[in-house]
Every structure is written in C-alpha cells, then in structure tokens.
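Okay, structure first, notes after.
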Amino acid sequence: MADRSENMFARAAREVHSSGSADDAFLPLIDVFDRVMAEQATGGAALTIYRGGRKVLDLVGGDYRDDSMQVLFSVTKAITAIAAAHAEEAGRLDLDAPLSESWPEFAKASTTTMTSRMVLTHRSGVASLDRTDLTLQQLRDGDGDDAVAKQRPYWEPGTAHGYHSFTYGLILDGVFRRTLGESVGSYVERELSGPLDLELRIGAAENELDRVHATTVSEQWVTPTASRFAADRGIPAGTTSFLRSRDELVNDPDFLTASFPATTGVATARSLARLMAATLGDLPDGRRVIGSGARDRMVQTRSDGPDRVLGIRTAFGSGVQRPFPQLPLTGAAAYGHEGANGCLAFADPDLDLAVGFTTSVFPPNSGASAGAVAMLSSIRLCAEESL
C-alpha cells in the first residue's frame, strides 16, 4: 500500500503555462491566474487589468497565442451599451424616444411605448421570440427584423425586467440602422475600436478567423432554480438556442462573422480592458470613449430584482450588468457584463480599475467562468492594497 501511494504522488504534475507581465502590486495575481488555468485544465485564457488608465497586468495562458481573440457572447452587450451611450452623448440617438419613431412596425398597441432604453435595461417585454424556425442564414440576412417587430411583448413594456438574450441585439441593431444609417458593428468599428486602437469588433473579419480561438463546450448543467423556472415562465429560451447545438454553433465561421450585437463580439482581453478603462476617464494618451455624464446615465441601476426570464435576482443599467449575488464584480460601483461562454469585462470607478478576461472553455453552467468569479476578490484585494 505504501509503495502504491508513493508512486502515485511521485508522478510528475503538469505545469501550467502562462506568460505576461504585472506591476508589483498585482504580481500575486499571476499565481491566482495560473491556478485558474490549472482548474480549467484545457484550452486557453487571458486576463488584462488597467488601473488609472494604465495597463498593470497582462497575462495569457494555456494554448492561447499572444494575439488570440475570443468570441464574447453576452460581453458583447457591454460593447453595444457603450456604443449606445456614445451615440446618445453625441446627440445622434435618443434612447428614450419611442421605437416607433424610427421603426413604424413598433407602432402597434402592444409596443407603442417601447424605447431603446427599455431594451437596454431588459424591460421591453420582447425578451425572446415565439418564432423558432429562423436559421442562422436568415438571421444574417436580416429576417430577425421582421420577427422581432411582430413579436408581442411577454409583459407590458417598462413594468418588469427579464433578460433579453438575443433580442437585445436584434432590436438595437435595427434602431441603429434606421436612425444612424449603420449597424451597431459598423458604429463600434468607427467610433470605438478605431479611435482606441482596439482589436475588438462585432463579428470577426474573415481574415482574422485564424486568430479566434476555438471554444470547447463541456457538458451543460442547470441549477434546480433554473430548471424549475424554465418550465413555468412561458418564455422561449434565447434565440440562438434553437439554431443548433452549442458545440456546433460556437465555432461555425458563419456565426463568428455574423454581426449580432448581443452575442458575436470578438476581442482580446487587452482590448476589453482598454475599452472599459476608456469609460472611466482619459487614458494616458488622452483618449476616452464617453464622458462622466454619459457613463453615469449608462450605469444608473434601472432594473434590480426578480428576473422574469432567468428566475434569479439580476441588476442592469442601460445595457450593462450591475453587481448582483451571482456576479458581485469588485464592488457596488462596478459595471460590465459576463458572457455565457465564461468571458467577463467590467470597470470599477471606486478602484479606478478595468478588467478583461477571456477563456476558450464554455463553462458547464452558462455565465462568467468559476475561475473568473473566483479571481474577483483577489483583484479587489490587490487594487485596495495598492491605493
């Protein structure tokens, strides 16, 4: 027995591979990140942190290349929210105007009061689609416009909130195209990614598909709460759920290159962190994305409480998540968004901190990966100790 035990512990352990840099105050996070990579056990991940507008940590692990990009799923919603805040600040978009002003099909009685703000705050009532025959190609071709405009709200607009998994992007993209004459993806490219030198866009370019790391989908699990609620809510699951199985969809070039402003953002962790840092104030080179007034309007909590789609308490500003029990971020002032595939991006004005995290492993329970959530307290501790 002793011999077998000795042999077991004598076996060489696999060493985690990561590379990058960190300022002294954030050096402990290198080992924390390595532990997350060890728990992940496969694939790749990246973590970048900005503090005071300056990059203070930049790590890449596993089989990520230094320039690997990742599809972001609902982290894309934070990018779209920032684009909407930018357009509102510039006077190009009125987020509180009725959708029917630019989109006449929403003038019907059940949706006449709907606004872009209601969509951003998940209060529009059009949280999903009854129509489940749409194909990926039809959505790419714009057929979602007709479907979402014909959809009756699942509750009276403005009276409650429930997560708009895919319709968030369908509606906001339609508003951008009808009001500004361009898609959310085009606006992001021109007004955010270009000026800030970001490797970030909604829908990967064909010539960069080789940089988008494949996503590994593990067996999916749901909590008892989610299972019970799904059976009773009477609202279909998110639109992409009926297209194909997750493991087929997430790596399909036709999905990765589609411009879906709720799901198909692609970026490096560096660019996510830099974008979020640019919402806090000027970067060292003088660049910023929105002013403090626009940020305050974006992050003001407008939905907080029982979510009529997810069945748990959630909290949202205008398109960004605010801290709630399942995603506490680094404190009460923080804002950002998680993705179903484990990715996370957020900023914390109290700590002057911005974080981007990407992973290639779709977690068993959709949302920010367990590793990302586990790092939050460590990130906060390092930030507080460096004040």
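Residues are listed down the side, and each one gets a yes or a no for (1) of a type in the set (Asp, Glu); (2) under 21 Å from the mean Cα position of the chain (by Cα); (3) under 17 Å from Pro98 (Cα atoms):
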site	(1), (2), (3)
Leu136	no, yes, no
Asp141	yes, no, no
Asp146	yes, no, no
Arg177	no, no, yes
Glu191	yes, yes, no
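Report whether or not Val119 is closer than 21 Å to Leu310 by Cα, among the β-branched types (Val, Ile, Thr) and over 18 Å from the mean Cα position of the chain (by Cα). Break it down into steps so the answer makes sense when it comes.
On the way: closer than 21 Å to Leu310 by Cα: yes; among the β-branched types (Val, Ile, Thr): yes; over 18 Å from the mean Cα position of the chain (by Cα): no.
So Val119 fails the test.
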Selection from segment 118-139 of residues that are open to solvent by 10 Å² or more (accessible area, probe 1.4 Å), part of a helix (DSSP H, G or I) and more than 17 Å from Phe255 (Cα to Cα): Met118
Conditions (1) in a helix (DSSP H, G or I); (2) open to solvent by 10 Å² or more (accessible area, probe 1.4 Å): number failed by Ala340: (1)
Long-range neighbours under 6 Å by Cβ, at least six apart or interchain, first residue under 16 Å from Gly185 (Cα atoms) within segment 261-275, second part of a helix (DSSP H, G or I) and open to solvent by 10 Å² or more (accessible area, probe 1.4 Å): Pro261/Asp173
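Quick one: which of Arg274, Arg297 is at pLDDT 95 or above, under 23 Å from Gly62 (Cβ atoms), open to solvent by 20 Å² or more (accessible area, probe 1.4 Å) and not in a loop (DSSP other than H, G, I, E, B)? Spell out how you get there, then give the answer.
Working: Arg297 fails: under 23 Å from Gly62 (Cβ atoms).
Step by step, each of Arg274, Arg297 is checked, and only Arg274 is at pLDDT 95 or above, under 23 Å from Gly62 (Cβ atoms), open to solvent by 20 Å² or more (accessible area, probe 1.4 Å) and not in a loop (DSSP other than H, G, I, E, B).
Having 2 or more residues that are closer than 30 Å to Ile290 by Cα and within 21 Å of the chain's Cα centre (by Cα) is the bar; report the strands (runs of 3 or more DSSP E) wholly within segment 13-91 that clear it. Don't jump to the end; show me each part of the working.
Working: elements: 18-22, 44-51, 54-62.
Correct list: 44-51, 54-62.
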Residue within segment 211-226 that is surrounded by fewer than 23 Cβ atoms within 10 Å (Cβ to Cβ), at pLDDT 95 or above, under 27 Å from Leu272 (Cα atoms) and among the small types (Gly, Ala, Ser) present: yes
Cβ-Cβ under 8 Å pairs, at least 6 apart or on other chains, segment 90-103 side without any contact (Cβ under 8 Å) to a residue 40 or more places away in the chain, far side part of a loop (DSSP other than H, G, I, E, B) and loosely packed, with under 15 Cβ neighbours inside 10 Å: Pro98/Thr112; Ser100/Thr112
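Regarding Arg244, is this residue at pLDDT below 95, surrounded by fewer than 15 Cβ atoms within 10 Å (Cβ to Cβ) and closer than 29 Å to Asp145 by Cα?
Working: at pLDDT below 95: yes; surrounded by fewer than 15 Cβ atoms within 10 Å (Cβ to Cβ): yes; closer than 29 Å to Asp145 by Cα: yes.
When the stated conditions are applied, Arg244 passes them.
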Tally of residues being touching a residue at least 12 places away in the same chain (Cβ under 8 Å) and surrounded by fewer than 22 Cβ atoms within 10 Å (Cβ to Cβ) across segment 104-117: 5
Given (1) closer than 25 Å to Glu199 by Cβ; (2) crowded, with 19+ Cβ neighbours inside 10 Å; (3) in contact with an Asp or Glu (Cβ under 8 Å, 6 or more places away or on another chain), number of the condition Phe316 does not satisfy: (1)
Top-ranked residue in segment 1-38 [being over 22 Å from Val355 (Cα atoms) and polar (S, T, N, Q); ranked as modelled with the highest pLDDT]: Asn7
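State which residue is nearest to Asp173 (Cα to Cα) when the search covers only segment 92-103 and only residues that are in a loop (DSSP other than H, G, I, E, B) and open to solvent by 30 Å² or more (accessible area, probe 1.4 Å).
First pass over segment 92-103, keeping only residues in a loop (DSSP other than H, G, I, E, B): 92-97, 102-103.
From what is left, the residues that are open to solvent by 30 Å² or more (accessible area, probe 1.4 Å) are 92, 94, 96, 102.
Working: Arg92: 14, Asp94: 14, Asp96: 16, Ser102: 12 Å.
Among those that are in a loop (DSSP other than H, G, I, E, B) and open to solvent by 30 Å² or more (accessible area, probe 1.4 Å), it is Ser102.
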Unmet requirement for Leu310, which otherwise passes all of (1) open to solvent by 10 Å² or more (accessible area, probe 1.4 Å); (2) closer than 30 Å to Ser124 by Cβ; (3) in a helix (DSSP H, G or I): (3)
Near pairs, Cβ below 7 angstrom, 6+ apart or cross-chain, from segment 184-208 (farther than 19 Å from Gly142 by Cβ and of a type in the set (Ser, Thr, Tyr)) to any residue that is assigned to a strand (DSSP E or B) and open to solvent by 10 Å² or more (accessible area, probe 1.4 Å): Ser193/Arg201
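Being among the acidic types (Asp, Glu) and part of a strand (DSSP E or B) narrows it down to one of Asp285, Asp304, so name that one. I'd like the intermediate steps shown before the answer.
Numbers: Asp285 fails: part of a strand (DSSP E or B).
Matching residue, one of Asp285, Asp304: Asp304.
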Residues of segment 313-334 that turn out to be touching a residue at least 60 places away in the same chain (Cβ under 8 Å), farther than 18 Å from Phe166 by Cβ and not in a loop (DSSP other than H, G, I, E, B), as a count: 0
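Any chance you could count how many residues in segment 209-231 are closer than 13 Å to Ser68 by Cβ and either within 20 Å of the chain's Cα centre (by Cα) or part of a loop (DSSP other than H, G, I, E, B) (or both)? Quick ask: steps written out before the conclusion?
Going residue by residue through segment 209-231, those that are closer than 13 Å to Ser68 by Cβ are 209-215.
Remaining after also requiring either within 20 Å of the chain's Cα centre (by Cα) or part of a loop (DSSP other than H, G, I, E, B) (or both): 209, 211-215.
Final tally of qualifying residues: 6.
The values are calculated or read from the model by the stated rules, or taken from the named source; none is laboratory data. Predicted model only: the values in this text are computed from it and were never measured. Glycine also receives a Cβ, built like all others from the backbone with ideal geometry; neighbour counts cover every protein chain displayed. Each accessible area value is taken on the protein alone, full model and side chains, heavy atoms only, with ligands, DNA and RNA left out. Shrake-Rupley method; radii C 1.70, N 1.55, O 1.52, S 1.80 Å.
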